[in-house]
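Notes to accompany the following structure.
The values are calculated or read from the model by the stated rules, or taken from the named source; none is laboratory data. What you see is a predicted model; the values in this text were computed from it and never measured. FYI the Cβ positions are ideal-geometry reconstructions off the backbone, even for glycines, and counts take in every protein chain you see. The area values use the complete protein model at the heavy-atom level, side chains included, leaving out ligands, DNA and RNA. Shrake-Rupley method; radii C 1.70, N 1.55, O 1.52, S 1.80 Å.
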Amino acid sequence: MSGPGGKPLREAQKPMEQVATKPRRKSGGRGMLDRIKRSLHLGWSSLAFLAGSTSFGLAETSTISIPLLTGPGGASFQIVMFAIFSGAVSFALLAATWLIKERRKVAVDHAELTSAHFDLKARNERLEALVEANDQRTVIWNGRDEQPTILGSLPLSSGAPNEDAAFIGFGKWMKPESAAAFDHAADRLRKNAEAFDLTIETQRSVVLEVQGRTSGGMAFVRFVSLQGERAALAKLQSEHKSLANQFDILRALHLAFPFPAWMRDANGKLAWVNNAYATAVDAENDEAARQNQIELLDTGSRQIAHSLQQEGRPYVQRAPVTVSGDRRLMQIVDISTPEGGAGVAIDLSEIDLVQATLKKTIEAHAQTLDNLATAVAIFDGSKHLKFYNSAFQRLWGLDPAFLDEEPDFSSVMEKLRETRKLEERADFRKWVAGLAAVHMAVEPDMHDWHLPDGKALRVVANPHSQGGVTWVYEDVSEMLALESSYNAMSQVQSVTLDHLAEAVIVFGSDGKLKLFNPPLQSIWRLLAEDLAEGTHVSEFIRICRPLTANGDEWDVVQRQITGSAEQRETVSGRFEQNGNNVIDYALVPLPNGQFMITFVDVTDSVEIEKALKERNVALEAAHRIKSAFVEHVSYELRTPLTNIIGFSEMLENPDIGSLNSTQKDYLNNILHSSSVLLSIVNNILDLASIDAGTVDLEFETVSVQEIVSAAEESVKDHVTGRSLRLDIEVPADAGEFRVDEKRVRQILFNLLTNSVKFTPDGGWISLICEPSEEAVTFRLADSGPGISKEERDQIFGRFESKSKGNTRGGAGLGLSIVQSFVDLHGGEIAFDESVKQGTTIVMTLPRNPQAAEKAA
């Protein structure tokens, strides 16, 4: 199909497509489009009408439809074709006319748009030239786009980076306070469209002016570099603001300061005080303290401060200040300038107390360390000696002058090496360096040193968290020796237990078997598996109980070991085995909750004990018979002796008749022998009474002088007949003592006659009395041959008669009776071992034996 002028229809439509793609004005384009739509509608309506009519005729004359369409002379076909052609021609004419008009309008619009485009471009270039200036930079945020657009630049001297990514990192090139203020303002600009004007400072202390605005949904921030006086003004404003902020901060700090602080004006008046000042001077508040000019310092302190300030010096001094009624020690710092002054008072009372306490504590610790037997040395962080105790100096034998110079660790170790206090080492310096490495450690270090003199030291190096090391040198030589001795003792104990005749078994605090010795198995007929380690005491008792007739004893043992008893105590008893054996046991508590049981087979001992008891009964019966016999015989002998002595004394009487010399000698022998025999009988009766416990002493207060004189008188005849010298010494202040006078006279008589008996003719005997407040001591000495040590151990025994140095032996009962009566008086008698010649006996009798007995 072709359009007007013979061009194809597709080609004819091309200009319209091109026109449709170009910009057109709203009014002309829409009217032309409406006319095209109406033409197309008219053409298609005509075609539809014709087509509908033809179809209608065909529908009613379906029998002739084929001839009409196909017949050569059909008029209907020609009408249809003509209609189509007419519509197409009309459409083409209308379209051509519309296109011509539209092209004219498009050309006019294009010319107008081109002119407007050049105007906008020129304007944009002028704006860009303004924005791209070297002294300002603009950041643009789109409301929907978080990534900003950055235009312009700033001088490199400003400190702002040129790279866009680095520039938007504002906190990196702005000062912190400026960055914080800018971030706050920019955030409010973008969120609330709040414009702002700021002055910020870069890290290089360059001042920039920042303006924030919004327009058309976008946020603009412009950074402008200031120059000249404007920059100086901005700098001053920034510094003023910073100083004002700092002043506010300092003022707030001093208000919250727990110590009094104040400021004065040029006239010296209080211009400002903090809350602590008001509290210290008992003011209602800081304003009241300022208005009433209440001074914290007294007049004297203020005058001293004023005089120092006149000389241009600050007043820095400790002074006592009354604060809320309490006297406190404070450090006063007060300064003065022509414009005014300021001061602060820091309470040092607690600090001073803490320092004093710390000083005392350090001194106490130093004194304690100095009194320790363990050597201690403290080195500081620079490895110099700061403290050592006396034990350290004694251990190493170092000169105190050298130690007081605070030598370093290496010097001390070198000194010890020079004096051969340390063992020789080929790598000595390397060893010392390794020891010094503890100064850099955090954990204690321990070493064992063996010194050339045989000592063993345990050295502990304890590093301090603040720097420095404390070295402790503990002498463990004795401990090691004790440990070795303990191990040896343990081995000896083990061997000893194994070879004991007694059976031993030990149970721990948990009631389980710890150790035993071999005899235990033989006594209780146990197998090795019955005594396995860890066997409980109940199991041991279960095995042993059937072997004993009295099993209740085992319950006592079990209660003690298992802790069921009220208290731990030693328990002993006896088991009778079914085989007639007798086993004694002893349960002994040991430390740490342990118990030991010993078992002894006493079957033979029991038999012997039984025999001994039977023999003892017989001996006691024999003793009673002997005592009765001696007593009976003594009494029977006393009667005829009394008669013999009486008749002999009667024969000496000249009234009865005279005797020749021979008869007189015989009579004297009879009297002497009778007296000796009577003395022996009396002694035997006294000993029998003492053995029977029937002797009752009759205590009375007696003069020491009188009783000694009576004893002297009783032996005077014996001394005179032997040409012996008897010396008696009794001090005038000997006083009295409470004794049985008869028995004491008997004691002294027996002692004196015994000395007379053993002292050769022409010798001497002395009796010296030495009184004291509590007792009276008698010292009897003679010039006889003395008594050997073997004889002294037996001389006070019964029937011990010695005739050394003379021929006058006796029955040996006199000194035995002396010993018995001295014991009954609560006294003591013994030989003086210090005397080498003769014999010296020392006897002491208490002044009041009954009181001494009660006190005892």
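Structural remarks
- Å² of accessible area per residue within segment 185-295, as computed with a 1.4 Å probe and no ligands counted: 59 Å²
- Mean Cβ neighbour count within 10 Å, used as a protection proxy, ranking 494-506, 437-449, 170-182 highest first: 170-182, 494-506, 437-449
- Extending 7 Å from Cα along the Cβ direction at residue 411 and again at residue 307 yields two label points whose distance is 4.6 nm.
- Surface accessible to a 1.4 Å probe, per residue, for the residues of segment 405-508, Å²: 62 Å²
- Total formal charge among the other residues, if their Cβ is under 10 angstrom from that of residue 775, Lys/Arg +1 and Asp/Glu -1: -3
- Long-range Cα-Cα pairs in segment 458-511 (distance over 15 Å), rounded percent: 71 percent
- Segment 478-633 - percent relative contact order, Cα under 8 Å, separation 6 or more: 19 percent
- Whole-percent carbon and sulfur share, accessible surface of segment 322-434, 1.4 Å: 53 percent
- If the convex hull is drawn through the Cα atoms of segment 531-623, its volume per residue in Å³: 137 Å³
- Peptides ranked, highest mean first, by Cβ atoms within 10 Å: ranges 105-117, 403-415, 753-765: 753-765, 403-415, 105-117
- Neighbourhood net charge (14 Å Cβ-Cβ; Lys/Arg +1, Asp/Glu -1) for residue 612: -2
- Measuring between alpha carbons in the structure, the pairs from 742/789; 121/191; 386/415 lying more than 26 angstrom apart are 742/789; 121/191.
- In order along segment 716-725, the phi-based Karplus estimate (6.51 cos²θ - 1.76 cosθ + 1.60, θ = phi - 60°) of 3J(HN,Hα) comes to 5, 5, 5, 6, 5, x, 9, 6, 9, 9 Hz; Gly and Pro are listed as x.
- Solvent exposure of segment 527-571 amounts to 60 Å² per residue of accessible area, where only protein heavy atoms count and the probe is 1.4 Å.
- With a threshold of 30 Å on the Cα-Cα distance, the over-threshold entries among 383/455; 430/455; 455/514 are 455/514.
- Stretchable slack from residue 664 to residue 480, in nm (0.36 nm times residue separation minus alpha-carbon distance): 57.3 nm
- R0 of 22 Å, Cβ-Cβ distance residue 500-residue 608: FRET efficiency to nearest 0.05: 0.60
- Whole-Hz ³J(HN,Hα) from phi, Karplus 6.51 cos²θ - 1.76 cosθ + 1.60, for segment 367-380, glycine and proline x: 5, 4, 4, 5, 8, 6, 7, 8, 6, 9, 9, 10, 10, 7
- For segment 343-411: relative contact order, % (alpha-carbon pairs under 8 angstrom, 6 or more apart): 24 percent
- Nearest-0.05 FRET efficiency for residue 115 and residue 84, computed from C-beta distance (R0 45 Å): 0.45
- Within-13-Å neighbourhood charge of residue 330 [Cβ basis; K, R +1; D, E -1]: -3
- At an R0 of 45 angstrom, the distance between the Cβ atoms of residue 562 and residue 364 translates into a FRET efficiency of 0.35.
- Segment 475-549, relative contact order [Cα under 8 Å, separation at least 6], %: 21 percent
- HN-Hα J in Hz across segment 494-507 - Karplus 6.51, -1.76, 1.60, θ = phi - 60°, x for Gly and Pro: 5, 5, 4, 4, 5, 9, 6, 6, 6, 8, 10, 9, 10, 10
- Extension gain, residue 294 to residue 649: 0.36 nm times the residue separation minus the Cα-Cα distance gives 115.0 nm.
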